[in-house]
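Reviewing the structure listed below.
Every read-out reported here was derived from the displayed coordinates using simple, explicitly stated rules and does not represent laboratory data. None of the values given here were measured: they were computed from a predicted structure. No Cβ is skipped: glycine too gets one built from the backbone with ideal geometry, and neighbour counts run over all protein chains shown.
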Amino acid sequence: MEKRQFFLEPSEMPTKWYNLVADLGEMPPPPLNPKTNEPAGPGDLSPIFCDQIIMQEVASEKWIDIPEEVLEAYSMWRPTPLFRATRLEKALGTPAKIYYKYEGSSPVGSHKANTAIPQAYYNKLAGINRLATETGAGQWGTALSLACSIYDIECVVYMVKCSYEQKPYRRSMIKLWGATIYPSPSENTQYGRSVLAKDPDCPGSLGIAISEAIEDTVTHQNTKYSLGSVANHVLLHQTVIGQEAKKQMEKAGDYPDVVIGCAGGGSNFAGIAFPYLEDKLTGKSNVRALAVEPASCPSLTKGEYKYDFGDTAQMTPLFKMYSLGSDFIPPSIHAGGLRYHGMAPLVSFAYSKGLLDAVAYKQTEVFNAAVLFARTEGIIPAPESSHAIKAAIEEALKAKEAGEKKTILFNLSGHGHVDMAAYDQFLAGQLVDE
């Protein structure tokens with residue numbers, strides 16, 4: 001029987017975060033102040049971020065130490081397991097080997113805790129007692145609410161309305177850990193009220209929810225904004241995923257030909273892929289990195305590489321990224337965490353340089369892949385993570401057709417235990433492509 005499980009000891013957990021910027025050979029385009037079109041400095045970010053977060057956002061050093069207090073909190077669930085999907089391989093009849101890094105073993109059920117913990121920690125050190133944020137499907141909102149409960153910080157979450165209605169148990173988790181939650185657009189902010197005045201039935205978007213969270217931040221004392229994806233410091237924190245995976249793949253005696261992650265804002269894709277791109281950039285491998293997005297919100301595959309706002313109300317600096325436009329309202333797909341109009345600037349820059357590939361899939365084909373995975377590997381995946389599963393299956397079938405051996409690694413970024421309403425709709429034939 002082939003070995004399926006690959007674990008690390010607690011002592012093997014990464015003690016530093018990896019910064020891709022250091023190996024790129026050139027600095028990515030800086031964010032711009034929209035009023036002056038000049039590069040945004042720390043002063044432009046200080047109204048919403050604490051100083052330590054800003055330092056990490058603009059960091060250029062390759063390795064950044066993980067504080068001992070953060071490592072202690074990480075030890076609640078890290079290191080996370082790596083599995084070989086032997087039953088899926090058999091079902092596909094492929095010569096390819098498929099591995100997946102399982103981030104659903106965290107208390108919140110996804111990878112989002114990897115950045116929620118350090119963000120709450122640094123804000124606590126800075127004396128901040130209140131954090132405001134947005135969340136799409138609720139994975140980030142649950143993660144930050146847990147982190148804030150650990151560090152005794154008040155947490156306010158603006159959850160995209162369609163997901164707020166689709167995923168009641170995410171709401172329950174956020175409340176259980178002590179946070180306050182509003183459906184976005186909400187009546188709680190001036191911008192939310194203005195959106196509802198124009199469209200009372202607006203399903204919301206991450207761009208709108210970001211605008212509400214930022215407005216909340218700048219209108220309340222001792223409050224900072226916390227972001228679950230897109231920003232450099234968020235991608236940095238997620239690199240614990242890929243660093244662990246590299247050690248586990250070494251224990252498996254293998255190395256991936258392709259590394260896959262779903263991509264909405266870019267955090268979990270960066271988490272698994274950036275440590276492998278280090279190998280590519282330093283000449284150690286020619287690994288292929290593949291970002292997978294929904295066909296209904298295809299910022300990489302159909303967006304324009306340009307400077308754009310990170311939110312709908314145009315309150316953020318301008319970021320050079322692949323974008324569908326800050327006013328884009330995506331369809332109400334169940335992969336709510338991927339419903340963002342733009343891609344992380346650092347992921348976008350790497351894509352513009354040809355360092356990674358991207359593909360987009362429709363909702364129903366993604367759910368078909370999720371069902372096959374659940375029936376072979378036993379884990380019910382989150383709709384977001386299922387995009388990576390779909391791409392892994394396609395890569396394995398291509399290897400079968402070509403008769404070539406290939407090693408595939410993907411990030412299973414979260415479980416779908418609180419997404420069962422979506423599976424109910426799919427199994428009843430009620431889920432459609434939008």
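Full extension of the chain between Thr301 and Val432 yields a length gain of 45.1 nm, computed as 0.36 nm times the residue separation minus the alpha carbon distance.
Restricting attention to the chain, close to 35% of DSSP beta bridges with both partner residues there are antiparallel. At the listed q of 0.07, 0.09, 0.10, 0.12 Å⁻¹, the Debye profile of the chain, built from one uniform point per Cα, gives log10 I(q)/I(0) equal to -0.29, -0.49, -0.62, -0.92. Remark: segment 359-432 carries a charge dipole of roughly 200 debye about the Cα centre, counting +1 on each Lys and Arg Cβ and -1 on each Asp and Glu Cβ. Were the residues from Phe7 through His417 laid out at 0.36 nm apart, the gain over their Cα-Cα distance would be 145.3 nm. Let a ≥ b ≥ c be the square roots of the eigenvalues of the Cα gyration tensor of segment 118-195; is it rounded (a/c under 1.5), or, if not, prolate (a/b larger than b/c) or oblate? Verdict is oblate for segment 118-195.
Of Val70, Val58, the sequence from fewest to most neighbouring Cβ atoms within 10 angstrom is Val58, Val70. Here the translational diffusion coefficient of segment 89-222 follows from Stokes-Einstein with Rh set to the Kirkwood radius across Cα pairs; for 4 °C and 1.567 mPa s it amounts to 82 µm²/s.
Secondary-structure-derived ellipticity at 222 nm for the chain, considering helices only, amounts to -12000 deg cm²/dmol, per-run term -39500 (n - 2.57) for DSSP H runs with n ≥ 4. Take the residue pairs Lys167/Lys251; Lys247/Lys400; Lys124/Lys306; Lys112/Lys353 and return only those whose Cα atoms are more than 31 Å apart. Lys167/Lys251; Lys124/Lys306, as the Cα separations exceed 31 Å there. Could you point to the residue in Pro200, Tyr423, Leu144 farthest towards the positive end of the chain's charge dipole, with +1 and -1 charges on the Cβ of Lys/Arg and Asp/Glu respectively? The residue sitting farthest along the positive end of the dipole is Tyr423. Summing Cβ point charges (Lys, Arg +1; Asp, Glu -1) relative to the Cα centre of the chain gives a dipole of roughly 920 debye. Taking the Cβ of Val418 as the centre, find all other residues whose Cβ is under 14 Å away and add up their charges (Lys, Arg: +1; Asp, Glu: -1). Net charge in that neighbourhood comes out at +1.
As a rough guide to protection, the peptides 181-192, 276-287 ranked by mean Cβ packing within 10 Å, highest first, stand as 181-192, 276-287. Charging the Cβ of each Asp and Glu at -1 and of each Lys and Arg at +1, and nothing else, the dipole of segment 281-423 about its Cα centre rounds to 420 debye. The GNM of the chain, with springs linking C-alpha atoms under 10 angstrom apart, assigns the highest mean-square fluctuation among Leu32, Leu346, Leu144 to Leu32. For a modelled paramagnetic label at Lys175, 7 Å from Cα along Cα-to-Cβ, no residue of segment 94-117 is in reach, as no backbone nitrogen comes under 12 Å. Where the alpha-carbon atoms of segment 42-134 are placed on the principal axes, they occupy 56, 27, 27 Å, in descending order. For the set Lys280/Lys405; Lys246/Lys362; Lys101/Lys405; Lys302/Lys406; Lys62/Lys246, the pairs lying more than 25 angstrom apart at their alpha carbons are Lys246/Lys362; Lys302/Lys406. Per-residue Cβ neighbour counts within 10 Å put His341, His220 in the sequence His220, His341, beginning with the fewest. Taking Cβ atoms as reference points and 12 Å as the exclusive limit, the residues near Pro42 contribute a net charge of -3, counting Lys and Arg as +1 and Asp and Glu as -1.
Within the shell of other residues whose beta carbon sits under 14 angstrom from the beta carbon of Gly264, the net charge comes to -1, with Lys and Arg scored +1 and Asp and Glu -1. Selection among Tyr322, Thr239, Ile53 by position relative to the dipole of the chain gives Thr239 as farthest towards the positive end (Cβ unit charges, Cα centre). In terms of its C-alpha gyration tensor, segment 325-434 comes out oblate, because a/c is 1.5 or above while a/b does not outweigh b/c. Extending 7 Å from the Cα toward the beta-carbon at both Glu404 and Trp77 defines two label points whose distance is 3.6 nm.
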